[in-house]
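What follows is a short report on a single structure.
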Amino acid sequence: MKSVFKRGMSSWLSKMIVVALPIVVALPLTANAADLKDGAAYWKYTGFSNTKIAAMPWWEDSSISGLGYTTILSDARYAWDAVTVANIGYSKQISSADASLRFYAVNDVGLNYYGVLKPYDSLGNQMSDADIDNPSKTIYKANLVIANYNVQHSALGRALTRAETLDVAIHEIGHSLALRHQDDSSVSVMEETDMTTYGGPTTLDKNNLAWKY
């Protein structure tokens, strides 16, 4: 049994808090009928250009180092950068104004996610659930937020492991590439609620990246 806590907040780009029975089932790493592939794996809004994706300008708030997420986010960016079938890269900026992807960590209590990507349009408005599936809408910048309190006090009754936290970060960066959530029955770092420890994009994720980038 699984319980997802939304608490009235938009969840389309977040790694949700889940509670699951401690049962491990070995699943074959084969194609799944629920897998979203090629164009179906992406939101319909106009994402960052392929040129920008190839050298994504990013910036980190001091909260990242202050709460101990510098290395995890570095490893998460590298996981996408290392995909050889797509042209994905990252370029560090010294100011948030120059960055399209910005990283923050918060200690707020009561959030319903471990990590979330918040996209904004050119007017500085946060994009809505409807916006992300509207081809006429365009992303301009995005903030990736790690909810440190939830990472340290997870719904699993313990702090998330480093491997779990890394996959949260990889998952959220995947949203900056316009990747949708995959069904939890899929083998993907974009699984919607399952707490994964893949350590990087899976074969399904890489194939989808190759289709677009």
One would report the antiparallel percent of DSSP beta bridges in the chain, rounded to the nearest 5, as 50 percent
Two pseudo-spin positions, 7 Å from Cα along C-beta at Leu156 and at Asp108, lie apart in nanometres by 2.4 nm
About its Cα centre, the chain carries a charge dipole, from +1 on Lys and Arg Cβ atoms and -1 on Asp and Glu Cβ atoms, whose size in debye to the nearest 20 is 180 debye
Contour minus Cα-Cα span, Ala130 to Asn32, at 0.36 nm per residue, comes to 32.5 nm
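I need to check one value: relative contact order of the stretch 65-213, counting alpha carbon pairs closer than 8 Å and at least 6 residues apart, in percent.
Values: 215 pairs, mean separation 40.2, N = 149.
Contact order relative to length: 27 percent.
Does the stretch 38-212 classify as rounded, prolate or oblate by the C-alpha gyration tensor (a ≥ b ≥ c root eigenvalues; a/c under 1.5 gives rounded; else a/b over b/c gives prolate, otherwise oblate)?
On the way: a/c = 1.37, a/b = 1.16, b/c = 1.19.
The shape class here is rounded.
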Between the modelled labels at Ser96 and Tyr213 (7 Å from Cα along Cα→Cβ) the distance in nm is 2.4 nm
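When Lys and Arg each count +1 and Asp and Glu each count -1, what net charge do the other residues less than 10 Å away from Ile132, Cβ to Cβ, add up to? Before the final figure, lay out each step's value.
Values: positive: Lys44, Lys137, Arg180; negative: Asp129, Asp131, Asp133.
Taking every Cβ under 10 Å from that of Ile132, the sum is 0.
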Using alpha-carbon positions, the gyration tensor of the stretch 135-213 gives root eigenvalues a ≥ b ≥ c; with a/c under 1.5 called rounded, otherwise prolate if a/b exceeds b/c, else oblate, the class is oblate
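No value in this document is a laboratory result; all are computed from the given coordinates. Given the structure is predicted, the values throughout are model-derived calculations rather than measurements. All Cβ positions, glycine included, derive from the backbone under ideal geometry; neighbour counts span all protein chains shown.
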